[in-house]
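Worksheet: the structure to be examined is printed underneath.
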Amino acid sequence: MAKTVLVINSGSSSIKYQLVDLETGEGLASGLVEKIGEPTDGHYKHEYNGEKHELEEPIHDHEQGLKRVLGFFEQYGPKLSEAGIVAVGHRVVQGGYIFPKPALVTDKTINQVKDLAVLAPLHNGPEAKGAEVMRQLLPDVPQVFVFDSSFFFQLPAEASTYALNKDIAEQYHIRRYGAHGTSHEYVGSVVPGIIGKPAEGLKQIVLHIGNGASASAQISGKPIDTSMGLTPLEGLMMGGRTGDIDPAAVFHLIRNAHMSVDELDTLFNKRSGLTGMCGHADMREVHKLVAAGDKDAKLALDVYVHRIIKYVGDFTAQMGGVDVITFTAGVGENDEIVRKMVCDRLAPFGVKLDEEKNNTRSKQPRVISTPDSSVVIAVVPTNEELAIARKSATIAAEGKDSYGNEFTR
């Protein structure tokens, strides 16, 4: 019998899920629950064996949504009782200073994840709730938290430390935690095999660019730096987030626009970035506007690329060079225009893009630079679900985590 892991990603009003085959790495079934707790009807989508099943109904809470999801597996397949499920893996954005590694879902760890919501208010609460519900629905299956911040817990102190008053930083646990770590770790681990170079000593930059965007610098698969910080707000420009901005902009808006903390939070995290500059978070729509001569969209795109180049230069200097730059996530994997704009800016340093390969759409990992390029340019589809599944299966097989928590039926 195959061994599988059900990977759950709970948001405030949505749930994404995928059943992963540990042997093949493939997603056997996947789905989406949307508009949880909203006044309009919610939407379910379950895909298995080439068939898509959808349903619309009011979804009052996560418990109702997840019960329906388990019903879909039973009704449309594959039946979890026959799928060899060994664990349920829950993606959590922020493990903070408590979780440098994955953890079993227990009463204690659920409460700890909830407490860490102060560092990720949009994410940790719903993720803890999803785990709480699934633990009740599948009590005989080990549940595991896998944290996006764990990979960057390894950052050297010079990269993880803010130049903030030491006592305040320690009291309130303010440091650079990073995010998208599961994706950066996965992509960084497969790049050596794709480009045919040993992992030891390999200097690479991974660009995880989509609606959320981040960059990492890695040597020998270990993180040296990343663009996101205390929260996912820091770093690259994103669909709705500002990315890097002078913190004094906060003081300025409080004093002059009389904005509250909540208003500023919404402005910086949801109403800025591409959305705030040209009205669209979807890069495909931005390109349409640029092609039509929209100056706001052109500026937004230029700022987006400028920020990427800024971090590529920063990370290259820190590592003393770079062997490979890899694009991943929604924009990185699918947007040949952004990839070309970035590579054109790096052309003076010997980066050469193979135009035909860059313009070819593919879901396969691939090299898109020419053989004589000074830096290998690659595109690698991320697979956070597989990474989460593997980590969860390891904890489940051991029956305990590194914090002393044990799974008991």
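The values are calculated or read from the model by the stated rules, or taken from the named source; none is laboratory data. From a predicted model like this one, the values you see are computed outputs, not experimental measurements. Cβ placement follows ideal geometry from the backbone for every residue including glycine, while neighbour counts extend to all protein chains displayed. Quick note on the areas: whole protein, heavy atoms, side chains included, nothing else; ligands and nucleic acids left out. Shrake-Rupley method; radii C 1.70, N 1.55, O 1.52, S 1.80 Å.
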Bin all alpha-carbon pair distances of the chain at 20 Å intervals from 0 and give each bin's fraction as a whole percent.
25, 59, 16, 0
Sort 374-387, 66-79, 249-262, 152-165 by packing, meaning the average of other beta carbons within 10 Å per residue, with the highest value first.
374-387, 66-79, 152-165, 249-262
Summing +1 for each Lys or Arg and -1 for each Asp or Glu, what net charge is found among the other residues whose Cβ lies under 11 Å from the Cβ of Val105?
-2
Just list whichever of Lys79/Lys222; Lys166/Lys203; Lys52/Lys295; Lys67/Lys108 have alpha carbons separated by over 29 Å in the model shown.
Lys79/Lys222; Lys166/Lys203; Lys52/Lys295
Distance between the C-alpha centers of the range 281-328 and the range 106-152? Whole Å please.
33 Å
Packing-based ranking, highest mean first, of 303-316, 329-342, 45-58 given that Cβ atoms within 10 Å are counted
329-342, 303-316, 45-58
If you roll a 1.4 Å probe over the chain with all protein chains in place, what percent of the accessible area is carbon or sulfur?
51 percent
Among the listed pairs Lys3/Lys310; Lys197/Lys400; Lys270/Lys363, which are separated by more than 32 Å between their Cα atoms?
Lys3/Lys310; Lys197/Lys400
Can you report the principal axis dimensions of the range 283-337 using only the alpha carbons, biggest first, rounded to whole angstrom?
41, 20, 12
Only four residue types carry charge here, +1 at the Cβ of Lys and Arg and -1 at the Cβ of Asp and Glu. Report the dipole size of the range 4-154 about the Cα centre in Debye, rounded to the nearest 20.
460 debye
Could you check how many percent of all C-alpha pairs in the range 340-409 are farther apart than 16 Å?
62 percent
Over the chain, with the other protein chains present, what is the accessible area per residue in square angstrom, probe 1.4 angstrom?
47 Å²
FRET E, pair Lys363, Asn165, Förster distance 56 Å, beta-carbon r, rounded to 0.05
0.70
Cβ-placed point charges (K, R +1; D, E -1), dipole of the chain about Cα centre in debye, nearest 20:
540 debye
I'd like to compare 191-198, 357-364: which one has the highest average count of other Cβ atoms within 10 Å, and what's the full order after that?
191-198, 357-364
At each listed q (0.21 Å⁻¹), what is the log10 of I(q)/I(0) that the Debye formula gives for the range 116-172 modelled as equal alpha-carbon point scatterers?
-0.94
On each of the three principal axes the extent of the alpha-carbon atoms of the range 275-409, given in whole Å and largest first, is 62, 39, 30
Using θ = phi - 60° and the Karplus form 6.51 cos²θ - 1.76 cosθ + 1.60, what ³J(HN,Hα) does each residue of the range 139-150 get, whole Hz, x for Gly and Pro?
x, 8, 10, x, 10, 10, 8, 10, 9, 5, 7, 4
So in the chain, what percent of DSSP beta bridges are antiparallel if you round to the nearest 5?
70 percent
So which DSSP H runs in the chain come out at 18 Å plus along the axis (Cα) with average Kyte-Doolittle of at least 0.5?
181-195
Going 7 Å from the Cα of Asp296 toward and past its Cβ, which residues in the range 229-247 have a backbone nitrogen under 19 Å from where you end up?
237-243
Counting every C-alpha pair in the range 4-154, the percent lying more than 22 Å apart is 39 percent
Summing -39500 (n - 2.57) over every DSSP H run of at least 4 in the chain, dividing by its residue total and rounding to the nearest 500, the 222 nm mean residue ellipticity is -11500 deg cm²/dmol
Please work out the Cα center distance from the range 333-382 to the range 186-263, rounded to the nearest Å.
20 Å
Expected unfolding gain across Ala257-Ser30 under the 0.36 nm per residue rule, minus the alpha-carbon gap, is 77.2 nm
Counting every C-alpha pair in the range 228-300, the percent lying more than 20 Å apart is 35 percent
